[in-house]
């Protein structure tokens, strides 16, 4: 005997399933939109880049200052900033030999706030589990 009883019940179930609306598929415009969103999230998905956007939220900074703050060479920090610029999160301004960056999209900080909320909730649940 299968999951559903008599033949009439199985046919009734099949008729009901035929009325269920089609499921949205990951293709076309939906796929392109989600791929674009993933590129932005990937640009944020590095501790150095998160640090950079936190600092650029406060004020614009020269690459040389950011490199010193991060503790890396200018070329490494420039690569991180380039990824953030390509994702549309920061913008640059060349002034003579120096390049200054500022946060273009402050909503990028919403992402970090959300990540912090998730981490806090996860920690709270773990502590509750240990306590009980």
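Structural remarks
- Within segment 69-105, the residues that satisfy the criterion of being under 26 Å from residue 36 (Cβ atoms) and part of a loop (DSSP other than H, G, I, E, B) are 87, 88, 89, 104, 105.
- Neighbours by Cβ (under 9 Å, 6+ apart or cross-chain): first from segment 29-41, over 17 Å from residue 114 (Cβ atoms); second at pLDDT 90 or above and in a helix (DSSP H, G or I): 39/86
- In segment 39-63, the residues that are within 13 Å of residue 101 (Cα to Cα) and surrounded by 13 or more Cβ atoms within 10 Å (Cβ to Cβ): 49, 52, 53, 54, 55, 56, 57, 60, 61, 62, 63
- In summary, residue 93 fulfils each of the numbered conditions (1) out of contact with any helix residue (DSSP H, G or I) (no Cβ under 9 Å at 6 or more places or on another chain); (2) free of Cβ contacts under 8 Å to residues at least 12 places away in the same chain with the single exception of condition (2).
- Sole residue being surrounded by 13 or more Cβ atoms within 10 Å (Cβ to Cβ) and on the phi > 0 side of the Ramachandran plot, chosen from 71, 88: 88
The values are calculated or read from the model by the stated rules, or taken from the named source; none is laboratory data. The structure displayed is predicted, hence computed values, not measured ones. Because the Cβ atoms are built from the backbone with ideal geometry, glycine has one as well, and the counts that use them run over all protein chains shown.
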